[in-house]
Number of protein chains: 2
Amino acid sequence: MSFLDDVPWNGDGLIAAFAQDAKSGRVLTVAWMNREALKETSERGEAVYWSRSRRKLWRKGEESGHVQKVREVGIDCDADAILLKVEQVGGIACHTGRESCFFRKLENGRWVTIDPVLKDPSVIYKK
Amino acid sequence: MSFLDDVPWNGDGLIAAFAQDAKSGRVLTVAWMNREALKETSERGEAVYWSRSRRKLWRKGEESGHVQKVREVGIDCDADAILLKVEQVGGIACHTGRESCFFRKLENGRWVTIDPVLKDPSVIYKK
């Protein structure tokens, strides 16, 4: 499909992909997609990534139930990154049980955690 | 500095860095930082990136005047990416003269441009 051919996949066949809450605008996650992941994301309307550690497609929420329903798929000027606008099911995007993976900010030369854990990961991941 | 040591710089010594409008939440740009760029960003309070094509520090806005004033520096759970919340001077972040680099979205299997050019790039880049 043409939109897949328009992506200048990197040496590993990947592109960075991040997800933003469609309503609040909060950036939730950053991950990677290969061609198959982007194709499946566009077909299913749910975020599918490529897990570099597990070396397989990762259908976000397949274990946790924290699916990302995709409202819009964007791409930047030089096609460096995919931007998903999503509805985050369960309100938890991060494997740490927080709303967003971006739960640390720089304060006086240190990374400080600014978000609470909403759900214990041991409860989210029962396997 | 400790916060720089906390970043697992990739094989090229880089980390992805994207900038989001601090008020509207719109994602504006995606670029790369090396250690020096992140250090300088935190010190100057203005976004400094590493230009992979020019292989040098890129002080965003040095030619265009479209500086990104940094309001917050965030990092994700596994330190894959930096998230800047910025005030975009001039209201134009993209070298194409658009507000955001993410000016294309997927519609019916094609990338469609959804944003107007606010200023002709030949006017922005006079050199």
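The values are calculated or read from the model by the stated rules, or taken from the named source; none is laboratory data. This structure is a prediction, so every number in the text was calculated from the model and none was measured. Note that each Cβ is placed from the backbone with ideal geometry, even for glycine, and that neighbours are counted across all protein chains shown. Note: accessible area is taken over every heavy atom of the protein model, side chains too, but ligands, DNA and RNA are not part of it. Shrake-Rupley method; radii C 1.70, N 1.55, O 1.52, S 1.80 Å.
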Residue selected from the stretch B:71-91 under the condition among the charged types (D, E, K, R) and at pLDDT 95 or above, by the criterion least open to solvent (accessible area, probe 1.4 Å): B:ASP76
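Examine the stretch A:7-17 for a residue that is within 23 Å of A:GLY97 (Cβ to Cβ) and in contact (Cβ under 8 Å) with a residue 12 or more places away in the chain, and state whether such a residue exists.
Residues of the stretch A:7-17 within 23 Å of A:GLY97 (Cβ to Cβ): A:17.
Now drop any that are not in contact (Cβ under 8 Å) with a residue 12 or more places away in the chain, which leaves A:17.
Checking the stretch A:7-17: at least one residue is within 23 Å of A:GLY97 (Cβ to Cβ) and in contact (Cβ under 8 Å) with a residue 12 or more places away in the chain.
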Per-region count, the stretch B:1-47, residues open to solvent by 10 Å² or more (accessible area, probe 1.4 Å), in a helix (DSSP H, G or I) and within 16 Å of B:ASP78 (Cβ to Cβ): 1
Yes/no for A:SER53 being at pLDDT 95 or above, surrounded by fewer than 21 Cβ atoms within 10 Å (Cβ to Cβ) and facing chain B (nearest Cβ under 10 Å): no
Total residues in the stretch B:13-22, condition more than 10 Å from chain A (Cβ to nearest Cβ) and either touching a strand residue (DSSP E or B) at 6+ places or on another chain (Cβ under 8 Å) or of a type in the set (Phe, Trp, Tyr) (or both): 5
Any pair with Cβ under 8 angstrom, 6 or more apart, that starts in the stretch A:24-45 at a residue that is more than 24 Å from B:GLN20 (Cβ to Cβ) and without any contact (Cβ under 8 Å) to a residue 60 or more places away in the chain and ends at one that is of a type in the set (Gly, Ala, Ser) and outside any strand (DSSP E or B): A:ASN34/A:GLY13; A:ARG35/A:GLY13
Residue that is farthest from the chain's Cα centre (by Cα), among those in the stretch A:92-124 that are more than 21 Å from A:TRP32 (Cα to Cα), open to solvent by less than 70 Å² (accessible area, probe 1.4 Å) and not β-branched (Val, Ile, Thr): A:GLY109
Pairs, first more than 7 Å from chain A (Cβ to nearest Cβ) in the stretch B:91-110, second basic (Lys, Arg) and surrounded by 19 or more Cβ atoms within 10 Å (Cβ to Cβ), C-beta under 9 Å, six or more apart: B:ILE92/B:ARG98; B:ALA93/B:LYS60
